[in-house]
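The values are calculated or read from the model by the stated rules, or taken from the named source; none is laboratory data. Computed from a predicted structure; not experimentally measured. Neighbour counts are summed over all protein chains in view; Cβ atoms, including those assigned to glycine, are modelled from backbone coordinates with ideal geometry. We work out accessible area using only protein heavy atoms, side chains counted, and drop any ligands, DNA or RNA first. Shrake-Rupley method; radii C 1.70, N 1.55, O 1.52, S 1.80 Å.
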Amino acid sequence: MSRTLLVLILCLSALRLGASLGSRSILRAVADKNGDSEDYAVDLNASNFDAVLRDTPATFAVVEFFAHWCPACRNYKPHYEKVARLFNGPNAVHPGKVLMTRVDCALKINTNLCDKFSVGHYPMLFWGPPSKFVSGSWDPKQEKSEIRNIDNGRTAEKLLNWINEQIGSSFGLDDKKFENEHLSSNISDPGQIARAVYDVEEATSTAFDIILEHKMIKPETRAPLIKFLQLLVVHHPSMRCRKGSAEILVNFDELSPANTKQEEVAGAVKNFQICGKDVPRGYWIFCRGSKNDTRGFSCGLWVLLHSLSVRIEDGESQFAFTTICDFVHTFFVCEECRQHFYEMCLSMSSPFNKARDFALWLWRTHNKVNERLSKVEETMGTADPKFPKMIWPPMQLCASCYRSRNSQKIEWDEDEVHTFLANYYGKTLISLYKSNSVLGNVGAKGILDESTTSTNAVAVPVGAALAIALASCAFGVLACYWRSQQKSRKPRRSSDVRFNTQ
């Protein structure tokens, strides 16, 4: 074979390889070289449109309908992304306010979806509560609709001004994280706790990530972890986390055999996302502090513990107490906080017989922690200026909880306190989930929607789908069995109560 012929064959092979990669890859390479900015807006399509908008913690959503071949749409994209940067992603400047999304109407999969919203030109922008987009539509002739067409958002400045007018904010395109922040105080509006349900999911996922990162699953820590998973399966306020906890619990012996290396255990467990594939999201909503190092995880964990305390029944109260004490003592990595909490656990001289008593103990414990930390933070100057530690609940939230108060002492009406806790961390906490139909819609339909083939979908393997289905059935059986066992179990004497000290 001549050298010329060999060179020709190599050139042809290179051309075929380039063609197989496709023009999209070539364009992406050019874009990367030119330093294109990151995309922040969420790409939606007919297969994930309802699921994403139903599950978002954001209060409002913007949906841009566009066509990828449209020059005006391509020119508008940088403007849209400037605004999306403020609201979307783990590094969002103002998270949980607005979800910025887009739908490509040039894709056949989205034809019916774009027709439902009467898309007649590109780009078209719509605004509304995310739940109103779910199975929704828009008709220009419709007089009353919570979905509105944004007719004055053709530049980043105009779009952000339009959003500011709707939500009464003054956000700017140059805002940095924790600057120009409008954080609502949670001491006067009891309804705000409803947004903490997303933070409870975030805290649950973060807690298990910490356990894996610190390689804390060992033979001596298996028992407290399994007990905590049992508690979550039955009483976590989020269906997603109950389901994920069940999947880990059902497969725990296979995931963490007694002689398995830590790296292998971490890798296996990490494949199970305890609160779903989109959690952790990387930001906090109700628990967001005014500084990067305040509130967040600790706030979300406290809300989780309080929500568990008001969801259990009388026969489960002692188990819940020992389980939470063991979990915090074994897995909470802040040494001083862990020891302080554990000391208060050990101070209990008799077992709990009533769920009310355990809920009130946890409430008193939390107030003791706040009292201790407020003194330290005041001395060190580390307090969050917008969310200082305080005795809970404040009078603005529950005036009836106070019988009397002076500078030295508060006399509580504990019946009123318990009523407040049960409503606040019980019904009100999950009210947003119920109104968004999230709590009861994590089932077969959601799984099918996520596995539908599309430009953004990831196919779910058959084995994984079967495992999810089995775990979904199993966690209901586990919950009923565990609860019946706890109810029939006699409370142990305080001398019999043991905590894991590893």
Next item on the list: Can you tell me the order of 338-346, 134-142 when each peptide is scored by its average per-residue count of other Cβ atoms within 10 angstrom, highest first?
Entry: 338-346, 134-142
Item checked: region 42-167, accessible area per residue, ligands and nucleic acids excluded (1.4 Å, Å²) -> 44 Å²
Check: Between residue 380 and residue 293, 0.36 nm times their residue separation minus their Cα-Cα distance comes to what?
Finding: 29.9 nm
Note to self: Expected output is a single nm value to one decimal: the length gained when fully extending between residue 91 and residue 415, i.e. 0.36 nm times separation in residues minus the C-alpha distance. What is it?
What the structure shows: 112.4 nm
Margin query: Run the simple label-point estimate for residue 408 and residue 59 please: 7 Å along Cα→C-beta, distance reported in nm.
Written below: 4.3 nm
Notebook entry, point to check: Sorted by average packing, counted as other Cβ atoms within 10 angstrom per residue and highest first, what order do 413-419, 61-67 take?
Noted result: 61-67, 413-419
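Please give the FRET efficiency for residue 222 paired with residue 349, using the beta carbon to beta carbon distance and R0 = 45 Å, rounded to the nearest 0.05. Walk me through the numbers before you get to the answer.
Values: r = 29 Å, r/R0 = 0.63.
That pair, residue 222 with residue 349, gives E of 0.95.
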Check: Which value in Å does the Kirkwood hydrodynamic radius of region 42-167 take, with 1/r averaged over all unlike C-alpha pairs and then inverted?
Finding: 14.6 Å
Notebook entry, point to check: For region 194-423, which whole-number percentage of the solvent-accessible area (1.4 Å probe, protein heavy atoms only) is attributable to carbon and sulfur atoms?
Noted result: 50 percent
Checklist line | Within-13-Å neighbourhood charge of residue 420 [Cβ basis; K, R +1; D, E -1] | finding: -2
Item checked: Among 237-246, 371-380, 282-291, 385-394, the order from most to least packed when residues are scored by Cβ within 10 Å on average -> 237-246, 282-291, 385-394, 371-380
Check: So what is the accessible area of region 287-436 per residue, in Å², with the probe set to 1.4 Å?
Finding: 47 Å²
Next item on the list: List the extent of the Cα atoms of region 194-423 along each of their three principal axes, largest first, rounded to whole Å.
Entry: 57, 41, 31
Item checked: Label-to-label distance, nm, for residues given as residue 167 and residue 366 (7 Å Cα→Cβ offset) -> 2.6 nm
Notebook entry, point to check: What aspartates and glutamates could a cross-link reach from residue 291, if we take a straight Cα to Cα line under 15 Å and drop same-chain neighbours fewer than 8 places away?
Noted result: 175, 179, 181, 377, 384
